[in-house]
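**Q** Structure in structure tokens, see below.
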Amino acid sequence: MTSHALRVGVVALLAADQWPGTEPGQLVRMVRTVEDLGFDSLWANDSLIGPRIEALTFLAAAASVAERLTLGTAALLPALRRPVQAAQTLASLDRLAQGRLVVAVGAGFPGLSETEYAVSEVSWRRRSRRLDETVALWRQLWAGAGPSTFRGETLSLSDIPSGITPFNSGGPPVWLAGDTARARARAGSTYDGWLPYPPTPSRFATGLGEVHAAAALAGRATDAVTPALFVTVLVTDSPDGGRSELDRFTTATYGFPLAAVESIQAFAAGSAEAVAAKLATYIEAGARHLVCRIGVLTQDAFQVQLRRLRDVQERLEESSCAHP
């Protein structure tokens, strides 16, 4: 078990059909609500599928009002952006957030992300290698010293101009959002955090063991990698434990019913007590930063759920104090 303290964050609703008629200022006020309620972090997802507010644009707006929150991407798809330009944008955002940025990255999902790669003029082939090389390039540029060239298998750049450096030396932490055997090895050897969404705590624990083994093999301390969890939550007293509402959510989000999605993703639904108990099993398995996607489709429902999730967070904090 690592020394990371427990942290709880929420994923913002950014899809256009989730805020019809909403004033843009309401989204910024939502940032203040998340911070004032006592959450630790706020996250934005990234996609070209379906109209939505672009993730880094939203986080820049959030950075203008958040005083304490960690701001993160869950997850960013670097292939959708030119690598050098993305390094500049992220360094700028890290400065605006005063060093409170976390960049969780992914390579996309087969059957969904091929279109995003195509319109971004990036090959789908060798996407994981391109992702790792993009992160290596970012870190080189963020260091603000060294060669102005980069030579990799998928990226090869010369005469790279100097750019702005991040708030902190070395740049923001970069987490890997992936849960294949290869992704776990890469998370342990290279990345600053691991953000999977395994459907059971036992699978999380097994995967985290592989991450730690890879870190040790690379000569890194196991606590160099933040063990995080992406989990969909719904706090409700409905007789079915929220399953019908989550079914609507997964069908709208993925085009698949809950029964299919919960076989591959983590969910916690039901009363505040039940949700806290489910999340506690992942904490026992080693998770230390819970990135909670609220399973609703409207801003009004999101606001209600924020307050219910805060109750869950308080229960987890009390349990953590009682069982250090």
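The values are calculated or read from the model by the stated rules, or taken from the named source; none is laboratory data. In this text the structure is predicted, and so the values were computed from the model without any measurement. Neighbour counts run over all protein chains shown; Cβ positions are idealised from the backbone, glycine included. Side chains included, ligands, DNA and RNA excluded: accessible areas come from the protein's heavy atoms. Shrake-Rupley method; radii C 1.70, N 1.55, O 1.52, S 1.80 Å.
**Q** When you scan the range 106-124, how many residues do you find that are of a type in the set (A, V, I, L, M) and open to solvent by 60 Å² or more (accessible area, probe 1.4 Å)?
**A** 3
**Q** Related question: In the range 304-321, how many residues are open to solvent by less than 70 Å² (accessible area, probe 1.4 Å) and modelled with pLDDT under 95?
**A** 2
**Q** Pick out the one residue from Val84, Val103 that is within 28 Å of Gly144 (Cα to Cα), in contact with a strand residue (DSSP E or B) (Cβ under 6 Å, 6 or more places away or on another chain), among the aliphatic types (A, V, I, L, M) and open to solvent by less than 50 Å² (accessible area, probe 1.4 Å).
**A** None of the others qualify; the one that does is Val103.
**Q** Test Glu314 against the criterion of being charged (D, E, K, R), out of contact with any strand residue (DSSP E or B) (no Cβ under 9 Å at 6 or more places or on another chain) and on the phi < 0 side of the Ramachandran plot, and give yes or no.
**A** Spelling it out, Glu314 is indeed charged (D, E, K, R), out of contact with any strand residue (DSSP E or B) (no Cβ under 9 Å at 6 or more places or on another chain) and on the phi < 0 side of the Ramachandran plot.
**Q** Here's another thing I want to ask about it. Which one of the conditions (1) of a type outside the set (A, V, I, L, M); (2) open to solvent by 70 Å² or more (accessible area, probe 1.4 Å); (3) under 23 Å from Leu229 (Cα atoms) does Arg32 fail to meet, given that it meets all the rest?
**A** Going through the list (1) of a type outside the set (A, V, I, L, M); (2) open to solvent by 70 Å² or more (accessible area, probe 1.4 Å); (3) under 23 Å from Leu229 (Cα atoms), Arg32 breaks only (3).
**Q** How many of the residues making up the range 241-267 are without any contact (Cβ under 8 Å) to a residue 24 or more places away in the chain, among the hydrophobic types (A, V, I, L, M, F, W, C) and either open to solvent by less than 60 Å² (accessible area, probe 1.4 Å) or in a strand (DSSP E or B) (or both)?
**A** 3
A quick yes/no check of all residues on (1) at pLDDT 95 or above; (2) farther than 17 Å from Glu54 by Cβ; (3) over 22 Å from the mean Cα position of the chain (by Cα):
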position	(1), (2), (3)
Leu93	yes, no, no
Gly99	yes, yes, no
Leu131	yes, yes, no
Leu137	yes, yes, no
Glu153	yes, yes, yes
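**Q** Going by the structure shown, is Thr57 open to solvent by less than 20 Å² (accessible area, probe 1.4 Å), at pLDDT 95 or above and either under 18 Å from the mean Cα position of the chain (by Cα) or on the phi > 0 side of the Ramachandran plot (or both)?
**A** So Thr57 fails the test.
**Q** Could you list all residues from the range 127-151 that are touching a strand residue (DSSP E or B) at 6+ places or on another chain (Cβ under 7 Å) and over 18 Å from Leu80 (Cα atoms)?
**A** Listed by number, the residues that qualify are Gln140, Thr149, Phe150.
**Q** Under 6 Å between Cβ atoms, which residue pairs at least 6 apart in sequence (or on different chains) link something in the range 179-202 that is over 14 Å from Ala285 (Cα atoms) and free of Cβ contacts under 8 Å to residues at least 40 places away in the same chain with a partner that is assigned to a helix (DSSP H, G or I) and open to solvent by 50 Å² or more (accessible area, probe 1.4 Å)?
**A** Arg184/Glu210
**Q** Among the listed residues Thr33, Thr73, identify the single one that is in contact (Cβ under 8 Å) with a residue 40 or more places away in the chain, of a type in the set (S, T, N, Q) and either over 26 Å from Ala268 (Cα atoms) or not in a loop (DSSP other than H, G, I, E, B) (or both). Outline the logic, then answer.
**A** Values: Thr73 fails: in contact (Cβ under 8 Å) with a residue 40 or more places away in the chain.
Just one listed residue meets the conditions, Thr33.
**Q** Okay, moving on. Being within 30 Å of Leu309 (Cα to Cα), open to solvent by 40 Å² or more (accessible area, probe 1.4 Å) and either assigned to a helix (DSSP H, G or I) or among the aromatic types (Phe, Trp, Tyr) (or both) is true for just one of Arg68, Arg95. Which residue is that?
**A** Only one candidate qualifies: Arg95.
**Q** Could I ask something else about it? Only residues that are in a helix (DSSP H, G or I), touching a residue at least 24 places away in the same chain (Cβ under 8 Å) and either closer than 12 Å to Phe204 by Cβ or basic (Lys, Arg) (or both): list them for the range 271-308, please.
**A** Leu279, Thr281, Tyr282, Ile283, Glu284, Arg307, Arg308
**Q** For residues in the range 268-293 being in contact with a Leu (Cβ under 9 Å, 6 or more places away or on another chain) and over 23 Å from His4 (Cβ atoms), which is surrounded by the most Cβ atoms within 10 Å (Cβ to Cβ)? Give the steps one after another, and end with the answer.
**A** Applying the first criterion (in contact with a Leu (Cβ under 9 Å, 6 or more places away or on another chain)) to the range 268-293 yields 268-270, 272, 275-276, 279-280, 282-283, 285-292.
Now restrict to residues that are over 23 Å from His4 (Cβ atoms): 269-270, 272.
Details: Ala269: 22, Gly270: 20, Ala272: 18.
Across the range 268-293, the extreme among qualifying residues is Ala269.
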